[in-house]
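Can you keep this structure in mind? I'll have questions shortly.
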Amino acid sequence: MKIAVIGGGGKISSAVIYEMLDTVKDIPLSFALYGRNDKKISDTLTISKRFAGENAAVYREKELDDALRGADVVFYCATYGCEDCGNYRSMGIANGAYIMSIGEKMTSLCPDAHLAVLTNPPDIPLAAVKMRFGIDKLIGLCNAPIFNRRVTASFLGCGEDDIVMHEIGVNHEYWFYEITKDGEDIYDLLREKMVKEYSTDKIRSETKGYLGEFHKDFPEWSLGFNNNVKLMELCGFMPGPVGGSNRYKGLPVVLKDMWAIATRPTAADFEELLDPDLTNEQIKKKAARCAAGIPTYAARVLASLARNDGKEHHVLALNNGALPGYPDDVLLQMSCGISRDGIRRPDLSKIDEYIMGVLSSRITQNHLMARALADGNEMLMRRALLCYPERVECHEVEDFLAHHKSVEPFIQLD
């Protein structure tokens, strides 16, 4: 399987490559790296040699077309900002124009490939690619629901894999409609027990094993989860992401305090990965700290494509009728079975009225933004802005994109 990696020298994309090379040894893999930073790509190639077995190849392509040609998967993990690209405008959406240009090239260079995007936001540009080019093998990568599951498992004193949590929403704003443990519904238990007993200190001091290490390395999640507990107390459902959406005001934890205690790998940390005395496990552990473990998550999703195994993952995928009453070409955050043969979507026909109500305008707003990006249509972007008129002054909406590089913070994307 050929994977074209756009942003091939980045911290996250490099960590994904190391993880896949180490864990997917039963299937021939080739990674074609494309990126702007010669030094970073060179470092990635050097470290990859330590992991690559007989079935794997990692190499650089200096031309984007060569990286894309014949790819089975296009993994986009680059940071090109809100600049225009070719014939496309970003319309104030980070990476929007560049992902559109990738989509156009894919129609001729790798028309059967899957496009997996790990940016913020992934769902809007991917929906625009579907609208403009008809590409429907699309996966938005976001590991945010995993943090809900890890904190919940820590609270219950069980393993992460002992509980199953199914969500519906958009990028970084979703709600869990089903939570089970060993096949039994535990939502009512959590509504009663978690609201009364949740404690950040208790999570940090009493959680053992790898989850205990997780909370030691990433203390922000157990702190931010107080907001999720509060919202569950108020409305009866657990939201995501951990810390809550920016739409909600007056919650116990201020988000800036949550992120003030978060640490992530630096460029200097990645330079240390070249140390020949490091073991492969040490390299993976250091690299996987990006975005609190997102490389491991992304590698597992891509591994499901490689193995065609249909395993369930938290992803953003085209609705395609899963959520009745909403467009097929809007991407939704949900738990799906992933394989090359297709995406297995959950049954979303009985989602609670509250969840549907609170998400409705966000889903509509995302759909409008995607259409605006696909068509370069400023009127549609104005309509998207005015889905939440309290966020933007009406006099600013006219010629908005001429005065603002990004639609954030007027529209919540991250």
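The values are calculated or read from the model by the stated rules, or taken from the named source; none is laboratory data. Predicted model, so just to flag it, every value in this text is computed and none were measured. Ideal geometry is used to build each Cβ from the backbone, glycine not excepted, and the neighbour counts take in all protein chains shown. These accessible areas exclude ligands, DNA and RNA; they are computed on the full protein's heavy atoms, side chains included. Shrake-Rupley method; radii C 1.70, N 1.55, O 1.52, S 1.80 Å.
For labels at Asp84 and Asp38 in the simple 7 Å Cα→Cβ model, what's the distance in nm?
Result: 3.0 nm between the two label points.
Still on this structure: Evaluate the charge dipole of the chain about its Cα centre and quote only its size in Debye, nearest 20, assuming +1 on the Cβ of each Lys and Arg and -1 on the Cβ of each Asp and Glu. Don't jump to the answer; show the numbers that get you there.
On the way: 48 positive and 59 negative charges, 75 e Å.
With Lys and Arg at +1 and Asp and Glu at -1, about 360 debye.
Take Thr46 and Arg247, extend 7 Å from each Cα along the Cα→Cβ direction, and tell me the distance between the two endpoints in nm.
About 4.7 nm separates the two model spin labels.
What list of ³J(HN,Hα) values in whole Hz, one per residue of the range 259-271 in order, does the Karplus curve 6.51 cos²θ - 1.76 cosθ + 1.60 (θ = phi - 60°) give from phi, with Gly and Pro shown as x?
Couplings: 6, 5, 9, 7, 10, 9, x, 9, 4, 5, 4, 6, 5 Hz.
Now a separate question. Excluding ligands and nucleic acids, what accessible area in Å² is computed for His172 using a 1.4 Å probe, to the nearest 10?
40
Using the Cα centre of the chain as origin and beta-carbon charges of +1 (Lys, Arg) and -1 (Asp, Glu), tell me which of Asn228, Gly53, Ala262 is placed farthest towards the positive end of the dipole.
After comparing all options, I get Gly53.
On the full set of protein chains, 1.4 Å probe, figure out the accessible area of Ile93 and give it in Å² to the nearest 10.
About 0 Å², ignoring ligands and nucleic acids.
Then there's this: If only Cα atoms are counted, what is the Rg of the range 288-328, and what is its Dmax, in Å?
Final numbers for Rg and Dmax: 13.5, 39 Å.
At a 10 angstrom cut-off on C-beta neighbours, averaged per residue, how do the peptides 69-76, 97-104 rank from highest to lowest?
Put in order of decreasing packing, that is 97-104, 69-76.
Is there a quick way to get the dipole size of the range 160-319? I mean about its Cα centre, with the Cβ of Lys and Arg at +1 and of Asp and Glu at -1; what is the value in debye to the nearest 20?
Details: 20 positive and 27 negative charges, 93 e Å.
With only Lys, Arg, Asp and Glu charged at Cβ, the dipole is about 440 debye.
State the extension gain, in nm to one decimal, for the chain segment bounded by Glu390 and Ile27, taking 0.36 nm per residue of separation less the distance between their alpha-carbons.
Working: separation 363, 0.36 × 363 = 130.68 nm, distance 5.16 nm.
Working it through step by step, the gained length comes to 125.5 nm.
Additional query: Calculate the FRET efficiency for Asp399 and Asp66 from the Cβ-Cβ distance with a Förster distance of 41 Å, rounded to the nearest 0.05.
After rounding to 0.05, the efficiency reads 0.55.
What is the spin-label model distance, in nm, from Glu281 to Tyr59 if the labels are put 7 Å beyond Cα along the C-beta direction?
Output for this residue pair reads 3.4 nm.
Using alpha carbon centroids, what distance separates the range 243-315 and the range 47-108, in Å?
Taking the Cα centre of the range 47-108 as reference, the centre of the range 243-315 is 21 Å away.
With a 1.4 Å probe and all protein chains kept in place, how much accessible area does Thr46 have, in Å² rounded to the nearest 10?
70
Using a 1.4 angstrom probe with every protein chain in place, what is the largest-first accessible-area order of Val195, Val254?
The residues order as Val254, Val195, largest area first.
Give, to the nearest whole percent, the P(r) tail of the range 263-413 beyond 22 angstrom, counting all Cα pairs.
The proportion of pairs with Cα distances above 22 Å equals 60 percent.
Can you pull the percent of Cα pairs in the chain with separation above 30 Å? Don't jump to the answer; show the numbers that get you there.
Working: 35797 of 85491 pairs.
Of the Cα pairs, 42 percent sit more than 30 Å apart.
Right, here's the next one. Sort Leu380, Leu234 by accessible area with a 1.4 Å probe, largest first.
So the residues, ranked largest to smallest area, are Leu234, Leu380.
Further question on the same structure: Which whole-angstrom value gives the distance between the alpha carbon centres of the range 181-241 and the range 122-173?
Cα centroid to Cα centroid, the span is 18 Å.
Still on this structure, I have one more. What helices does the chain have that are whole DSSP H segments, at least 27 Å long along their own axis by Cα, and with mean Kyte-Doolittle hydropathy of -0.5 or more?
Helices meeting the criterion: 353-375.
Right, another one. What FRET efficiency comes out for Leu274 versus Asp188 if R0 is 45 angstrom and r is the Cβ-Cβ distance? Round to the nearest 0.05.
0.30
Another question, if that's okay. Long-range amide H contacts for Val170: which residues qualify at under 5 Å (H placed 1.01 Å from N, peptide plane, sequence gap of 5 or more or a different chain)?
Gln333
Among all lysine pairs in the range 198-350 that are eight or more places apart or on different chains, how many have alpha carbons less than 16 angstrom apart?
5
A further question on this structure: With a 1.4 Å probe and all protein chains kept in place, how do Trp221, Trp259 rank by accessible area, largest first?
Trp259, Trp221
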